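Heads up: the structure comes next, in structure tokens.
The values are calculated or read from the model by the stated rules, or taken from the named source; none is laboratory data. Just so it is clear, the structure is predicted and the values come from calculations on it, not from any experiment. Neighbour counts run over all protein chains shown; Cβ positions are idealised from the backbone, glycine included. Heads up: the accessible areas ignore ligands, DNA and RNA and are worked out on the full protein's heavy atoms, side chains in. Shrake-Rupley method; radii C 1.70, N 1.55, O 1.52, S 1.80 Å.
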Amino acid sequence: MSEEELTFWEKLARIDRRVFYWILFIGLMIPFIRPIMFPISISPSTRDLYEGIKEMVEPGDVVVMNIAFGVSAWPECMPAFVSCAKLFIREGAKIIIWGSYYDVDLTYEELLRRAKEDFAKLKYGEDYVYLGYYPNMEASVAQLGSSIRSIFSTDKYGTPLDELPMMKNVDKATDIKLVVSGDTGDCCDYYIRQWRIPYGVPVAEIGIAMLGSSYMPFYKSGVLFGMSVGVRGGAELEKLIGEPGEATIRMGAINISHILVIIAVVLANIGYFASRGKRR
Amino acid sequence: MAEVLRREVVYLITAIITILMFIEFFFIGTWNVAEELRTWATIIANISIALGAVRLLSEHAKNIQRRRAGVWPFSIWLWIIFLVTLLSGLAGYVIKQDAMTNPLYNWLFTWPYTSLGQTLYAITGFYIFSAAYRAFRARNIDAALLLIAGCFVILTNAPIGGVIWSGIPVIGRWFLDYGQVPGMRCFLIVAAFGMLAYGFRALLGRERGFYGEVAGE
Amino acid sequence: MPYPTDPAGIAGLWISWLLMLMIYSYPLYKENPVYRFAEHTYIGLMLAIMLITTTITTTIRMVGPPLMQGKVWYVIPVILGFMMFFLLTPRYRWLSRYPIAILVGAGFGLGMRGVLIPNITKQVISTITPPAVGAGAVDWWNYIYIAIGTICAVMYFVLTWEHRGAMGYATRLGRWIIMIGLGAYFGNTVLFRMAMLSGRAQFFLQVLRIAPM
């Protein structure tokens, strides 16, 4: 079929994919130059995460923040993770930070940088500790529940755990008030199976958006007490703690990109039905 | 005897450890053997992560050795950047017990690595956009249902959806909070039964693919 | 991250920016040597960082203190760990089965005991538990949808009987329910991918000082 015989829709379907890529990339930049902000509603899972932490955590309680996402997922997971850390600090919790992603050191440093003012009020070793990396496997998470010292005998900087004041009486899952796991993969599954079920430790998820679908049945059945879904969850948490930040700004780009995707889907389907009608 | 060591003893070890871990659930905190084995497994897993790196690096060494056209200069570069990063990190670890204290390692980690990681991970954003245009079509009822649920969720996740029509977030929220639950719950249940069946087959020595067994070996 | 002021930071920022453009030259233009260069840079960096964090430093941190305390048997998992490398030699490959046996045994044992309650029992209970007294029509509709939907969707994976007759209707409904689930999953996937890409678009502007850092 020559180029002239093609209908408008068929020509549209043959447009080089790179045209779409350029439109998308340029489109994503617009909100960072001219912000496009609309009100953000709070989803029930994010509200439960926020209220769950506020209700359960008493000053002095020890909580775990598990970093199971790499630097590559910062735009998606980091805003909610930072908001959660701020919330823990406000509630007076003592925070253990560890992670199962090999670049966890950088994520930890970024967390401290983004919540700089909040962490400045705390003292390392007394209010928070960083234990470093452990392999992302079920056996490691199960063993952390049995004895933290069998996996981490020292903190990341080589200080024995017994010399860190907040770790003196902490060694088992039963010593931990709750766990918040930031994930790109299935690490939260391990905490559900090896901490939530045997020890009854409440677990919440801060994950990439797809995990919002995967973990929804766990949230609906009460296995997870709350869940933040992707950057949208991050924006919701920022709203709840009253500190709009990176995720809130990014929602402008989400608006543009999602509208572009919808336009692409609508055009594709109109073209599909138009060309199908023509063939008949 | 050698054959027994290669197969039956291995299956037996797997079966014993599987049973031990399973039964320990009912005696949590009292079985030191199970706890010790989990620590061992963690150490083994930690070391074996290097296996993938060794395998990949040896492939690139072969590329260099064979002067594979269009590839070997990049393989040399990969080896150089690998060695520079490794040695600088090791220097930091040996001197101050923390690899991040080495300025070069810290710089490589903070800047090029972070940027490349985020960039490569984000590249699929382009592909999902073109996939939405080229493949996301209501060809039949199944595809139409997928498309309707997908579009409502897309517009609900973006705050602009509610500005276009206030009903969008209401319907989209239903898809997220209820609509997707039976499908996702079905996956959880089916996967759990699959894992149980697979585990029992491994326990009985009938599932052996993960041992890397090769026919005739 | 604030805009760096030191030379190393400024160099890092601009090199990161260039590397990003090198990678995006592939989707936005075509496959080219510049893209390959950046890709190989990432692999080299990743392998080194991974080795340092996992195999080297974490193993020393995990095994060193127990060995110092006289727990000499901690040498065994280290030896077993290195036995994994026999996977690379066809003649002695069978030796790698011993560490694999420990990993697989621990994985299956913990996984099997772990999935029973959260993945099966809790899901079944949640599916069949009716709404509380005084619940409205919407709650009852959601309850019936989830209950029937879950049963039909699970039936779709039952392959013992042919999907015909009553079973055929149920599995067809199950397939539709799964499609709705996958549609929502796709919607969330779009959010994830676009959030990642928007991060890069933001970085592109931040380096040029068009957007605040």
> Could you list log10 I(q)/I(0) for segment C:79-129 at q = 0.20, 0.32 Å⁻¹, which the Debye formula gives when each Cα is one point scatterer?
Replying inline: -0.69, -1.04
> How do A:Lys86, A:Lys220, A:Lys121 stack up against each other in accessible area, from largest to smallest, with a 1.4 angstrom probe?
Replying inline: A:Lys121, A:Lys220, A:Lys86
> Rounded to the nearest 10 Å², what accessible area does B:Ile64 show when all protein chains are kept and the probe is 1.4 Å?
Replying inline: 40 Å²
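Relative contact order (percent) for chain A, with alpha-carbon contacts under 8 angstrom and 6 or more residues of separation? Walk me through the intermediate numbers first.
On the way: 448 pairs, mean separation 74.5, N = 280.
In percent, rounded to a whole number, it is 27.
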>> For chain B, what does the helix formula give at 222 nm: sum of -39500 (n - 2.57) over DSSP H segments with n ≥ 4, over the residue count, nearest 500 deg cm²/dmol?
In response: -24000 deg cm²/dmol
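Working with all protein chains in place, sort B:Trp77, C:Trp140, C:Trp161, B:Trp165 by solvent-accessible area computed with a 1.4 Å probe, largest first.
On the way: B:Trp77 75, C:Trp140 105, C:Trp161 165, B:Trp165 135 Å².
Output order, biggest surface exposure first: C:Trp161, B:Trp165, C:Trp140, B:Trp77.
Just counting partner chain Cβ atoms within 10 Å, what average do the residues of peptide A:199-210 show around their Cβ? Could the numbers behind the result be given before it?
On the way: counts 2, 0, 0, 0, 1, 0, 0, 0, 2, 7, 12, 9.
Mean partner shielding for this stretch: 3.
May I ask which of A:Lys54/C:Lys71; A:Lys54/A:Lys168; A:Lys177/B:Lys96; A:Lys116/C:Lys71 have a Cα-Cα span longer than 31 Å here? Show your work: numbers first, answer last.
Numbers: A:Lys54/C:Lys71 43 Å; A:Lys54/A:Lys168 25 Å; A:Lys177/B:Lys96 34 Å; A:Lys116/C:Lys71 41 Å.
Exceeds cut-off: A:Lys54/C:Lys71; A:Lys177/B:Lys96; A:Lys116/C:Lys71.
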> What is the average number of partner chain Cβ atoms found within 10 Å of a Cβ in B:157-169?
Replying inline: 6
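Can you tell me how much longer the chain between B:Arg68 and B:Val163 gets when fully stretched, taken as 0.36 nm per residue apart minus their C-alpha distance, in nm with one decimal? Please report the intermediate quantities before stating the final value.
On the way: separation 95, 0.36 × 95 = 34.20 nm, distance 5.62 nm.
Going from the current span to full extension adds 28.6 nm.
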> So what's the gap between the Cα centers of segment C:77-155 and segment B:36-65, to the nearest angstrom?
Replying inline: 26 Å
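Taking only complete DSSP H runs, can you tell me which helices of chain C stretch 20 Å or more along their own long axis by Cα positions and average at least -0.5 on the Kyte-Doolittle scale? Walk me through the intermediate numbers first.
Numbers: long enough: C:7-28 (31 Å, 1.36); C:33-50 (25 Å, 0.81); C:97-115 (26 Å, 1.02); C:137-156 (28 Å, 1.12); C:165-207 (63 Å, 0.74).
Sorted by number, the helices that extend far enough and score high enough are C:7-28, C:33-50, C:97-115, C:137-156, C:165-207.
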> What aspartates and glutamates sit close enough to A:Lys121 to cross-link, taking a C-alpha to C-alpha distance under 14 Å and skipping anything fewer than 8 places away on the same chain?
Replying inline: A:Glu91
> In a GNM of chain C with a 10 Å cut-off on Cα contacts, which of C:Thr171, C:Thr160, C:Thr127 has the highest mean-square fluctuation?
Replying inline: C:Thr160
> Taking the Cα centre of each part, how many Å lie between segment A:88-108 and segment B:107-140?
Replying inline: 27 Å
> What accessible surface, in Å², does a 1.4 Å probe find on A:Tyr124, ignoring ligands, DNA and RNA and rounding to the nearest 10?
Replying inline: 80 Å²
>> So, R0 is 51 Å and r is the distance between the beta-carbons of C:Arg209 and A:Lys168; what FRET efficiency does that work out to, to 0.05?
In response: 0.60
> Excluding same-chain residues fewer than 8 positions from A:Lys11, which aspartates and glutamates have a Cα within less than 18 Å of its Cα?
Replying inline: A:Glu3
> Remind me, relative contact order of segment A:123-280 in percent, using alpha carbon pairs under 8 angstrom and six or more residues apart?
Replying inline: 14 percent
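Got a sec? What order do C:Met68, C:Met22, C:Met112 fall in by accessible area at 1.4 Å, biggest, i.e. largest, first? Provide the component values of the computation, followed by the final result.
On the way: C:Met68 170, C:Met22 50, C:Met112 5 Å².
Highest to lowest solvent-accessible surface, that is C:Met68, C:Met22, C:Met112.
Using the beta-carbon distance between B:Glu59 and C:Glu31 and R0 = 25 Å, what value does 1/(1 + (r/R0)^6) give for FRET efficiency, to the nearest 0.05? Each step should come with its number before you reach the end.
Values: r = 20 Å, r/R0 = 0.79.
Here the calculated transfer efficiency is 0.80.
Taking only C-alpha pairs under 8 Å that are 6+ residues apart, what is the relative contact order of segment C:135-213 in percent? Could the numbers behind the result be given before it?
Values: 33 pairs, mean separation 17.2, N = 79.
Rounded, it is 22 percent for segment C:135-213.
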> How high is the FRET efficiency from B:Leu104 to C:Ile144, r the C-beta distance, R0 60 Å, rounded to 0.05?
Replying inline: 0.45
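Shielding by partners for B:134-144, please: the mean number of other protein chain Cβ atoms within 10 Å of each residue's Cβ.
Numbers: counts 5, 2, 9, 7, 5, 3, 1, 4, 8, 3, 4.
So the per-residue partner count for this stretch is 5.
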> How much solvent-accessible surface does A:Lys177 expose, in Å² to the nearest 10, with a 1.4 Å probe and all protein chains in place?
Replying inline: 80 Å²
>> How tilted is helix A:74-90 with respect to the longest principal axis of chain A? Cα atoms for both, answer in degrees (0 to 90, nearest 10).
In response: 40 degrees
